[in-house]
Amino acid sequence: MSSLYRLAHIWVVFLFTFVTAAASEEQPPARTNWRAWAPYRPNLYFGVRLPVPDSLLMGLMWARGDDDDTLRDTCEQDEGMTGYGWTKYDVRTGGTQLIHDPELHLNLQTDFIKSLDGDAWAIRVGGSPRNDAPGIIKTMVAFHLAQARLNAEEGRELKCKEAPEALSADQSAYITCEGELPQLGHFEFWASGRATNKLVGNPVVRQASMPEDEIWKAKSAFVDQVTTGGDSVPNERFGNMQLLQMTFEGPFQVDFIYKPKGSPPVSETVTTLLSLLESQFDDRLRNMFPVSAAFEGESYTKFTASLLSNLLGGLGYFYGDSKIDNTRAPEYSEVDFVFWTKAGQAMSRDEITTTPPTQLLSFTPTRLFFPRGFLWDEGFHLLPIIEWDLDLAVSQILGPEARSKIPEKFQVQYPHYANPPTLSLLLPIILSKVTKASPYLGHPSQYLDSPHKTTDLLSLQKLYPLFDKHYEWFRRTQAGNFSAQYPKPASAMSGEGYRWRGRTPTHTLTSGLDDYPRANPPHPGELHLDALVLKSEVAKHSKQLEDIKRNLDLLHWDPHSAAYCDATISPSEKYERVCHLGYVSLMPFLLGLLEPEHPHLPVVLDLLSDPNKLWSPHGLCSLSLADEFYGKGEDYWRGVVWMNMNVLAVQQLHALAVADSPSQDRAARIGAELRRHVVHTVYDGWATTGFVWEQYSGKTGEGKGSRAFTGWTACIVLLTGLEFPGFEAEKATRLVRQPLSLVSQLL
Ligand SMILES: *[C@@H]1O[C@H](CO)[C@@H](O)[C@H](O)[C@H]1NC(C)=O
């Protein structure tokens, strides 16, 4: 059989798989598709892998045709990109990403689709010169495939060869590969391109033999191969990394396709399937995240699609060992004065253990600086995901919650440190979906479609014990000290008061609010408001919740400042509140601990809506303008606007606005205005810079910190559909005023 015939055959076979997938959209998926191939390497502009330890690691690189110094691989801040990310993406099916690379005068589009069973996939890479390109540009594209645990003796090898041949009137094959891995069996992979592509020279296969722990270093492997003039004879290759390289002049379109060897036959085009995916995505999005009158317009629809898609596209799979300090040194009990100095000395003894490798499938805050899992962020990530794909959200909870104490790679972890248990924010939402108290419009869910599965999920085997374990662990490790030595207000209930471990005079990293001002110096008798309130989310017994609510007012309400505050023990051995007004003061409200009739609620609303304190035209500031530490030091949680907290605030105000409460009208007015401020701030930043940001300036609304931050900033999608009764008049006039300069390029 000629290789030409064989190629035509596999092309056809591959397409059949997708047609089947599209046609049976009505059927529940054969299996949970996030366990299949996906772009689970979010730190790369485009990288694909299976969520299993030993597999193929693949990805796309590109460069200016004759300049390897411009090679793009991992998402970087300094490559002058004016935006990159998914315009539409769903973990179950695939999607489209746009990359704007002005330095290379190039716009790239990467379309990823996969079969229903997830066994086969394709990525189509389209390159087009930007308008400002100086004449005809050349672009080099390199796709890399690295095979973990290559075992040459057993014949498990990956072989690629150049095969420039016409496949059909409008498609040419460039390179074909075959391989075998225990998890994958026999598979085929090939690169082909549009017949109208202008190839410069012939496609080339380069191979590299990388050490096992460096097979992710595609860029350096490529550069080594090129600079050492690595051999590129057009013949069969052997090695654990293959680099498929081709250079084009002008616009081009190239497909990279993977499928198991010997799948069934048939007749459609990737193009048709892509447009089908697109329209399905749009319908779903309109259904699940409708926009209220205030944000009508195509630009807002695209904005919402981009936020959600990039949140989904940030899902990554990680596998590796971890560094842990398991010494349980006495200093770690943090009971002494200057406990942080002593703990620091214990840490510097550096008795670090390496754990066996573990797996983690987790959303990531940003593909740029933090392409790894964060427990504190993950609870927020899952708020929109629950609406879109309940089963995906549940799989995340059953996963990371159980592993919450399992550390990240290369980061020493201490078992006595806890993060805010934000995953517990999700339990009430899941319950409301399961009991149909709130509608679920997302992907078909096995938990909602089968009463048996519902019971199973909520049963003693699944969710409950995980939350319970986390709850008890938090309660034990972050307990406040109620011994008689540290005075407390009379009639406070002993036990329900908490303290973040791992403090220093300047930082409380464990709280998630790193540099938010606290008592200084730290004191072993202090109590942190947010630790108490966050714990209430998982209070399993009504008695404990009652005690928490009681202690909230007894231990943490400061009549003098008229605010909820941290507390410590003063030099004269008195119980003393430490008030730095900001997000911490708002926590009881943000997490729903204040009943609509609570006597302090009006004062909390005063604090929140006071332009001299937390209120700004761009959202609620993390620290009061009037605080001595506002904008000081690293200025991370000392004033700038964070969207996760603002989303909670708008949701609580909305809940008050639709409840029959004394604060109803006021909450509706403040809520509608705050919602407008935060949605416009994130939208404007996206429209002018091409990115959403980690934080925003309360003064100018300018994006700050890391860009491409579609972790919890994406929670904004939960707000655009809210209706504020009596405030429909606030139409988004800004939409018309916004020049949309970059947006029009982006879309
Ligand atoms: C509370 O503080 C006292 C006095 O420093 C100390 O002896 C005790 O061990 C502490 N208890 C806990 C649970 O940290």
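The values are calculated or read from the model by the stated rules, or taken from the named source; none is laboratory data. Keep in mind it's a predicted model, so treat the numbers as computed, not measured. Positions of Cβ are generated from backbone atoms using ideal geometry, with glycine treated the same way; all protein chains shown enter the neighbour counts. With ligands, DNA and RNA removed, areas are computed over all heavy atoms of the protein, side chains included. Shrake-Rupley method; radii C 1.70, N 1.55, O 1.52, S 1.80 Å.
Brief remarks on what is shown
- Any hit, the stretch 578-597, residues being under 24 Å from LEU425 (Cα atoms), surrounded by fewer than 17 Cβ atoms within 10 Å (Cβ to Cβ) and free of Cβ contacts under 8 Å to residues at least 60 places away in the same chain: yes
- Members of the stretch 678-714 that are among the charged types (D, E, K, R) and more than 15 Å from GLY619 (Cα to Cα): ARG707
- For the stretch 692-747, a tally of residues being open to solvent by 70 Å² or more (accessible area, probe 1.4 Å), over 30 Å from ASN131 (Cα atoms) and modelled with pLDDT of 90 or more returns 2.
- Between THR82, THR93, the distinction of being in contact with a helix residue (DSSP H, G or I) (Cβ under 6 Å, 6 or more places away or on another chain), over 24 Å from MET246 (Cβ atoms), open to solvent by 20 Å² or more (accessible area, probe 1.4 Å) and at pLDDT 90 or above belongs to THR82 only.
- Scope the stretch 583-622; condition part of a strand (DSSP E or B) and either at positive phi or of a type in the set (D, E, K, R) (or both); matching residues: GLY619
- When residues of the stretch 657-679 are limited to those that are open to solvent by 10 Å² or more (accessible area, probe 1.4 Å) and in a helix (DSSP H, G or I), the one farthest from ASP377 (Cα to Cα): ASP665
- Scanning the stretch 324-350 for residues that are among the charged types (D, E, K, R), within 16 Å of the ligand (Cβ to nearest atom) and assigned to a loop (DSSP other than H, G, I, E, B), we see that the one that is surrounded by the most Cβ atoms within 10 Å (Cβ to Cβ) is GLU334.
- Among the residues of the stretch 658-680, none qualifies, meaning not one is more than 29 Å from HIS600 (Cα to Cα) and polar (S, T, N, Q).
- Residue within the stretch 76-85 that is hydrophobic (A, V, I, L, M, F, W, C) and within 21 Å of LEU368 (Cα to Cα) present: yes
- PRO517 vs. criteria within 16 Å of the ligand (Cβ to nearest atom), open to solvent by less than 20 Å² (accessible area, probe 1.4 Å) and either touching a Gly at 6+ places or on another chain (Cβ under 6 Å) or over 23 Å from GLY379 (Cα atoms) (or both): no
- LYS549 among the basic types (Lys, Arg) and within 25 Å of LEU427 (Cβ to Cβ): yes
Table: residues versus (1) of a type outside the set (Phe, Trp, Tyr); (2) under 28 Å from LEU277 (Cα atoms); (3) touching a Pro at 6+ places or on another chain (Cβ under 7 Å).
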| position | (1), (2), (3) |
| --- | --- |
| ASN310 | yes, yes, no |
| SER322 | yes, no, yes |
| ASP336 | yes, no, yes |
| GLY344 | yes, no, no |
| ASP350 | yes, no, no |
| GLN359 | yes, no, yes |
| SER362 | yes, yes, yes |
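- For the stretch 543-567, the set of residues classified as free of Cβ contacts under 8 Å to residues at least 12 places away in the same chain and either under 16 Å from PRO517 (Cβ atoms) or touching a helix residue (DSSP H, G or I) at 6+ places or on another chain (Cβ under 7 Å) (or both) consists of LEU545 only.
- Residue list for the stretch 269-292, filter: farther than 23 Å from VAL692 by Cα and either touching a residue at least 60 places away in the same chain (Cβ under 8 Å) or not in a helix (DSSP H, G or I) (or both): THR269, VAL270, LEU273, LEU274, LEU276, LEU277, GLN280, ASN287
- Complete set of residues in the stretch 467-486 that are away from the ligand (no atom under 16 Å from the Cβ) and open to solvent by less than 50 Å² (accessible area, probe 1.4 Å): PHE467, ASP468, HIS470, TYR471
- Hits in the stretch 277-306 (condition: farther than 16 Å from VAL679 by Cβ, open to solvent by 50 Å² or more (accessible area, probe 1.4 Å) and not small (Gly, Ala, Ser)): GLU278, ASP283, ARG286, ASN287
- Where a residue in the stretch 506-528 is closer than 19 Å to HIS556 by Cα and among the β-branched types (Val, Ile, Thr) and its partner, wherever it lies, is within 16 Å of the ligand (Cβ to nearest atom) and assigned to a loop (DSSP other than H, G, I, E, B), with Cβ under 7 Å and at least six apart: THR508/TRP500
- Filter result for GLU496 (over 22 Å from HIS556 (Cβ atoms) and either touching a residue at least 24 places away in the same chain (Cβ under 8 Å) or exposed (fewer than 15 other Cβ atoms within 10 Å of the Cβ) (or both)): no
- Criterion: within 28 Å of THR504 (Cβ to Cβ) and within 16 Å of the ligand (Cβ to nearest atom) - qualifying residue of GLY525, GLY582: GLY525
For (1) among the charged types (D, E, K, R); (2) away from the ligand (no atom under 16 Å from the Cβ), each residue gets a yes or a no:
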| site | (1), (2) |
| --- | --- |
| PRO439 | no, yes |
| PRO465 | no, yes |
| LYS488 | yes, no |
| GLY497 | no, no |
| LEU509 | no, yes |
| SER542 | no, yes |
